[in-house]
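Presented below is the structure to which this report refers.
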Amino acid sequence: MNHKIAPSVLAADFANIQRDVEMINNSEADWFHIDIMDGVFVPNISFGFPVMEAIKKHAKKPLDVHLMIVEPDRYISTFKKAGADVLTVHYEACDHLHRTIQAIKAEGMKAGVALNPHTPIHLLKDVIADLDLVCIMSVNPGFGGQSFIRNTFNKVQELKALIVESESNALIEIDGGVGTDNAKLLVECGADVLVAGSSVFKAENPSEAVAQLKRLETIVKSI
């Protein structure tokens, strides 16, 4: 199974951000996952362009940027300049989703759309052929460390069926509560990219935690 691991920098130690960036560079991770929050679309604020540009300066792997912001169209070109390789917007934040997707592609980035837990898969039917990635939120967006929503497995299977039916090349990304207890089943259901925050950066050995997710080791946590 050739799935990707994208450690979420939101869970990193910001007092030692270069150290954690180097850890991702030297690990089996495939992408950096960068969450951008505006305090409006979600009830939290993360970092902005200066921090993202600083990460890009040291990152040796693609930046997978997840916008949890209102009016994302205003900043598409700026995120390209800041180093985004994949740019994902939320379905719920876009009034003209097709236009937004095309604007991302016009800047030379891969285009992704994220769905909140309550948003059904079928709403992507008319744009799925244009997408490079669909991010299924397996927690409510805004904060790290939340519990995984188990209905995500069903949504992954439904999305995989839509992708196959539409002959789309979109990758399926899962964001929220991903760890060694659910990674294997997510990939078996059709997931291509696993975003992991707390399960990597809160681990005793973050690099080994990435390796376990890459190997799909199922580790049952003791009660």
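Tabulated values for the structure
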read-out	value
Three-way shape label, the chain, alpha-carbon gyration tensor, a/c 1.5	oblate
Estimated [θ] at 222 nm from DSSP helical runs (n ≥ 4, -39500 (n - 2.57)) normalised by residues in the chain, nearest 500	-9500 deg cm²/dmol
Cross-link pairs Lys4/Lys155; Lys160/Lys202; Lys110/Lys160 - those with Cα-Cα distance over 29 Å	Lys160/Lys202
Cα-based reach from Lys105 at 19 Å (exclusive), listing lysines while leaving out same-chain residues under 8 positions away	Lys80, Lys81, Lys125
Fluctuation leader among Asp132, Asp73, Asp95 - the chain, Gaussian network, Cα springs under 10 angstrom	Asp95
Only Lys, Arg (+1) and Asp, Glu (-1) charged, at Cβ; the chain dipole about Cα centre in debye	260
Residue order, fewest to most beta carbons within 10 Å, for Thr88, Thr119	Thr119, Thr88
Of His118, Ala84, Asn151, farthest towards positive along the dipole that unit charges on Lys, Arg, Asp, Glu beta carbons give the chain	Ala84
Local electrostatic count at His66 - Lys and Arg +1, Asp and Glu -1, tallied over other residues with Cβ under 10 Å	-4
Peptides 185-193, 19-27, 3-11, 157-165 ordered by average Cβ neighbours within 10 Å, highest first	3-11, 185-193, 19-27, 157-165
Most fluctuating residue given options Lys56, Lys105, Lys125, as computed from a GNM of the chain linking Cα atoms under 10 Å	Lys125
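Coordinate-derived values only; no laboratory data. Since the model is a prediction, treat every value here as computed from it, not as a measurement. We place every Cβ from the backbone using ideal geometry, glycine too, and count neighbours over all the protein chains shown.
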